[in-house]
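J.: Could you have a look at this structure, given as structure tokens, before my questions?
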Amino acid sequence: MTAICIMGVSGSGKSTAGAAVAARLGLPFIEGDAHHPAANIAKQAAGVALDNADREAWITSLGAAVRAASPCVFSCSALNPTVRSWLAQSAGDVRYVLLHAPRDVLAARMEAREDHFMGARMLDGQIAAMDPPGDALRVSVDQPIAAVVADVIRALDEQA
């Protein structure tokens with residue numbers, strides 16, 4: 001089995017859904033945000049978007065953790081093809097599940113979060129930067145988490 005990346009913009013529920021999917025599959029879960037260097041967190045907390053130069057060390061660290069734990073489930077925005085190519089180099093074979101919802105749903109989720117470095121003011125930039133792979137499994141998160149997890153598991157089973 002390959003590693004499963006639960007991807008999407010901030011507020012899509014990558015961490016919540018990823019941990020729940022991992023539990024259902026009996027796999028380890030790796031929190032992508034835990035691999036950000038302190039400078040990345042500070043930059044995003046200040047409302048400044050990361051560029052690919054900022055992302056490289058993060059993705060290299062995350063990819064190494066994923067490779068060591070595979071098969072596993074992990075969270076990562078995986079916004080663009082460059083980031084995904086770094087993941088492929090460092091993590092190996094990755095299957096992508098894109099979590100999506102209307103902008104207003106994502107914004108409301110971000111506004112309701114406490115103690116997260118990524119503020120809602122960065123949502124539009126993330127939406128604009130999102131360039132998902134064509135073969136990503138797409139799951140709506142505009143529903144209860146149990147339904148999201150069931151949809152992810154069903155989509156993975158259908159693609160197996």
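J.: Scan (1) at pLDDT 85 or above; (2) farther than 19 Å from residue 136 by Cβ; (3) basic (Lys, Arg) for the single condition residue 84 breaks and write down its number.
T.: (2)
J.: Against the conditions (1) part of a loop (DSSP other than H, G, I, E, B); (2) closer than 19 Å to residue 138 by Cβ, where does residue 48 fall short? Just the number, please.
T.: Failing condition for residue 48: (2).
J.: How about the stretch 67-82: which of its residues are assigned to a helix (DSSP H, G or I) and out of contact with any Ser or Thr (no Cβ under 8 Å at 6 or more places or on another chain)?
T.: Hits for the stretch 67-82 are 68, 69, 81, 82.
J.: Also, quick follow-up: Within the stretch 14-35, how many residues are surrounded by 21 or more Cβ atoms within 10 Å (Cβ to Cβ) and assigned to a loop (DSSP other than H, G, I, E, B)?
T.: Adding up the residues that qualify gives 0.
J.: Among the numbered conditions (1) closer than 17 Å to residue 145 by Cα; (2) at pLDDT 85 or above, tell me where residue 26 comes up short.
T.: Answer for residue 26: the failing condition is (1).
J.: Turning to a different aspect of this structure: Identify all residues within the stretch 1-48 that are in contact with a helix residue (DSSP H, G or I) (Cβ under 7 Å, 6 or more places away or on another chain), of a type outside the set (Asp, Glu), over 16 Å from residue 95 (Cβ atoms) and without any contact (Cβ under 8 Å) to a residue 60 or more places away in the chain; write none if there are none.
T.: Correct list: 35, 36, 37, 40, 43.
The values are calculated or read from the model by the stated rules, or taken from the named source; none is laboratory data. Quantities reported herein were computed from a predicted structural model and do not represent experimental measurements. We place every Cβ from the backbone using ideal geometry, glycine too, and count neighbours over all the protein chains shown.
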